[in-house]
Amino acid sequence: MFNIVEKRGWYFLLSALIITPGLIAMIYSTITYGTPLRLSIDFTGGSFWEIRFQEPVQPTEVRDIFVDRGFTDTVVQTVGDGRTVVIRLKPIDNEMKVELRQVLEERFGPIEERQFRSVGPAIGQEVTRAATVAVFAAAVAILGFIIFAFRKVPHPFRFGICAIIAMIHDILVTAGLFSIAGIFLGWEVDALFLTALLTVIGFSVQDTIVVFDRIRENVPKRRGEPFETIVNRSLLETLHRSLATQLNAIFVMIAILLFGGATIKQFIATMLVGLISGTYSSIFNAVPLLVVWEKGDISRLWARLRGRQPATA
């Protein structure tokens, strides 16, 4: 029988190598922008204006118009063929918007307004608070459900903690990628990012529970086998189901990413990375971590770090 769990040290190392660049990017982003991820007006408050010109324009030329009128922190980005421009600036009233539009049309010709919305700082703070509560509530609900569902298995608390660690792994991978993209591509976190992140959490936990449930079934059936062997057997029995389910979703995400509209590319990219990370963490992090904990490797490592000789059975 092929032993997947045996190579768990390499899986943990790979996860660390993937997460570390993201953590570095989030530290750099915090120093540069004040937050680990660049925040859109959904969180910070401000105005979002998407307009289309008849001819391609340079973002710097469009931005100069706003800077000349005191909006020095305005961000201007072109989309697609260079004729569509996305403008993010401080909240403006309708009178100022009309004035800015007149100046833009005088400089670049007739424009088409595709969308305009304003978000106040109070609303942005409320969205941030709600997102934090949602992630925390999801973790608590997952832990409570797993402890209850696995109450007949020894140490059900460990199953719940391992599932949450795998979930945190996926959050860090996804957030790290978005932070890197924010630095190099100007990506900003919006409400869609939260939707993608919560969906990723759901997929990750679902895949982890599928494997854990098979472990729960096999423990009483194979009492004479070592726990590591039971876990590895359960993993192999559910591997095809986990991969089939996740790969179907991943292939759909890739198709949408390649052929979908530009406005949802960030959302789909976040989902895609999160699903890949969730598939990996469920198989190669959550389950091996359960074995490490059950065998007492964590307590021995902790004793070694504290300079004590671990107890032997």
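A few notes on this one:
- Every residue from region 38-87 that is touching a Phe, Trp or Tyr at 6+ places or on another chain (Cβ under 9 Å) and in contact (Cβ under 8 Å) with a residue 60 or more places away in the chain: R38, L39, S40, I41, D42, S47, F48, W49, E50, I51
- Between A181, A166, A175, A196, the distinction of being at pLDDT 85 or above and either touching a Gly at 6+ places or on another chain (Cβ under 6 Å) or farther than 30 Å from T44 by Cβ (or both) belongs to A166 only.
- Residue in region 105-122 that is in a helix (DSSP H, G or I), surrounded by fewer than 17 Cβ atoms within 10 Å (Cβ to Cβ), free of Cβ contacts under 8 Å to residues at least 24 places away in the same chain and not assigned by TED's automatic domain parsing to the domain that holds R214 present: yes
- Residue within region 61-70 that is among the aromatic types (F, W, Y), within 25 Å of K265 (Cα to Cα) and more than 19 Å from the chain's Cα centre (by Cα) present: no
- Hits in region 8-22 (condition: surrounded by 13 or more Cβ atoms within 10 Å (Cβ to Cβ) and in contact with a Pro (Cβ under 9 Å, 6 or more places away or on another chain)): R8, Y11, F12
- From L197, L185, L177, L89, residue being closer than 30 Å to E55 by Cβ and either surrounded by 17 or more Cβ atoms within 10 Å (Cβ to Cβ) or touching a strand residue (DSSP E or B) at 6+ places or on another chain (Cβ under 6 Å) (or both): L89
- Residues that are polar (S, T, N, Q) and within 27 Å of the chain's Cα centre (by Cα), drawn from region 213-247: T238, S242, T245, Q246
- Residue within region 2-23 that is aromatic (F, W, Y), in contact (Cβ under 8 Å) with a residue 60 or more places away in the chain and under 18 Å from L185 (Cβ atoms) present: no
- Those helices (runs of 4 or more DSSP H) of region 207-299 in which at least 1 residues are under 30 Å from D81 (Cβ atoms) and assigned by TED's automatic domain parsing to the domain that holds W187, considering only elements entirely within it, cover 227-259, 265-281.
- With respect to the conditions (1) β-branched (V, I, T); (2) over 30 Å from E237 (Cβ atoms); (3) at pLDDT 90 or above, I19 lacks only one, and its number is (2).
- Residues within region 140-161 that are over 18 Å from the mean Cα position of the chain (by Cα) and assigned to a helix (DSSP H, G or I), tallied: 15
- Here R233 passes the criteria (1) over 20 Å from A286 (Cβ atoms); (2) modelled with pLDDT of 90 or more; (3) basic (K, R) except the one numbered (1).
- Restricting region 35-52 to residues that are at pLDDT 90 or above and within 13 Å of I87 (Cα to Cα) leaves a set whose member that is surrounded by the most Cβ atoms within 10 Å (Cβ to Cβ) is W49.
- Any hit, region 196-213, residues being β-branched (V, I, T) and under 30 Å from Q77 (Cα atoms): yes
- Residue match in region 302-311 (condition: surrounded by 13 or more Cβ atoms within 10 Å (Cβ to Cβ) and at pLDDT 85 or above): no
The values are calculated or read from the model by the stated rules, or taken from the named source; none is laboratory data. Being a predicted model, the structure only gives us computed values, none of them experimental. Quick reminder, even Gly has a Cβ in these numbers, built from the backbone with ideal geometry, and neighbours come from all protein chains shown.
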